[in-house]
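Please read the structure below before turning to the comments.
The values are calculated or read from the model by the stated rules, or taken from the named source; none is laboratory data. Being a predicted model, the structure only gives us computed values, none of them experimental. Every residue, glycine among them, receives a Cβ derived from its backbone with ideal geometry; neighbour counts consider all protein chains shown. Just so you know, the surface numbers come from the protein's heavy atoms only, side chains and all, with ligands and any DNA or RNA stripped out. Shrake-Rupley method; radii C 1.70, N 1.55, O 1.52, S 1.80 Å.
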Amino acid sequence: PPYVLVGHSYGGLLARLFAYEHPDDVAGVALLDAAHHDWRRRALTLIAGTPALARLRRELRQNVVEGVDIAAGEALARRVRSLGATPLVVITAGRADPSNLPPSLQRSLGKLWDSLQNELAALSSDSVHIVALRSDHFVQDRFRGQPHVVVQAVRAIINAERSDTDLSPCTRIFPGLAVRCRS
């Protein structure tokens, strides 16, 4: 310790839980298109009453997926209201994954996801939120994402820890990379 935690998707929820439960052991957190504890509930609200989306509703209502109790993890993560001043870098995918959903619903779900990513960035008073413009959900993937953006985020957290300062501004962390700074 202190550790730099990097969590992708549901792993982001787990990283937040660890950081919340063990703040003295955590130098900072990087969340890669991370799951939000309220995503499924809010997404279900958006698609309620649309018969053509019955399959998607069933998927979103599954509490256990591949042996992982998603509902239990979400319930635990609801307790995480703040990470204090823990350095936090939130990286949101800039490209949507392919989908068979109607374009209007894709846009609505995309706006919801963006809003939830903003909520994650607000968990720390020392946060940077970016959109990785050339990445899909797998930001860390060499072929589908921008792993160099993740590396820069981790380096920024390490630099903040070593110098006992806040994170540098977004434009200094990610110069010349295909990102859009949100905060």
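For the stretch 157-171, the candidate set comprises residues that are in contact with a Cys (Cβ under 9 Å, 6 or more places away or on another chain) and part of a helix (DSSP H, G or I); within that set, the residue that is least open to solvent (accessible area, probe 1.4 Å) is C170. For the structure I just gave you, tell me whether T86 is farther than 29 Å from R57 by Cβ, open to solvent by 30 Å² or more (accessible area, probe 1.4 Å) and of a type in the set (S, T, Y). The answer is no for T86.
Within the stretch 125-143, restricting attention to residues that are touching a Gly at 6+ places or on another chain (Cβ under 8 Å) and polar (S, T, N, Q), the residue that is surrounded by the most Cβ atoms within 10 Å (Cβ to Cβ) is S135. Go through the stretch 63-80 residue by residue and tally those that are more than 20 Å from L46 (Cβ to Cβ), touching a residue at least 12 places away in the same chain (Cβ under 8 Å) and not hydrophobic (A, V, I, L, M, F, W, C). Residues flagged as more than 20 Å from L46 (Cβ to Cβ), touching a residue at least 12 places away in the same chain (Cβ under 8 Å) and not hydrophobic (A, V, I, L, M, F, W, C) within the stretch 63-80 amount to 2. Here D164 clears all of (1) free of Cβ contacts under 8 Å to residues at least 12 places away in the same chain; (2) in contact with a helix residue (DSSP H, G or I) (Cβ under 8 Å, 6 or more places away or on another chain); (3) among the charged types (D, E, K, R) except the condition numbered (2).
Open to solvent by less than 20 Å² (accessible area, probe 1.4 Å), within 22 Å of V4 (Cβ to Cβ) and at pLDDT 95 or above: does that describe H148?
Details: open to solvent by less than 20 Å² (accessible area, probe 1.4 Å): no; within 22 Å of V4 (Cβ to Cβ): yes; at pLDDT 95 or above: yes.
Taking the combined requirement at face value, the residue does not satisfy it.
Checking each residue in the stretch 11-40 for being more than 14 Å from the chain's Cα centre (by Cα) and of a type in the set (F, W, Y) picks out F18, Y20. G176 fulfils the conditions (1) crowded, with 16+ Cβ neighbours inside 10 Å; (2) small (G, A, S); (3) more than 16 Å from the chain's Cα centre (by Cα) except for a single criterion, (1).
The set of residues in the stretch 41-80 that are over 18 Å from the mean Cα position of the chain (by Cα), more than 28 Å from P103 (Cα to Cα) and surrounded by fewer than 11 Cβ atoms within 10 Å (Cβ to Cβ) comprises V64, E66, G67. Exactly one residue out of D33, D97, D114 is touching a Ser or Thr at 6+ places or on another chain (Cβ under 9 Å), open to solvent by less than 70 Å² (accessible area, probe 1.4 Å) and touching a residue at least 40 places away in the same chain (Cβ under 8 Å), and it is D33. Filtering the stretch 129-156 to residues that are under 19 Å from A34 (Cβ atoms), part of a loop (DSSP other than H, G, I, E, B) and not acidic (D, E) leaves L133, R134, S135, H137, F138, V139, Q140, R144, G145, Q146.
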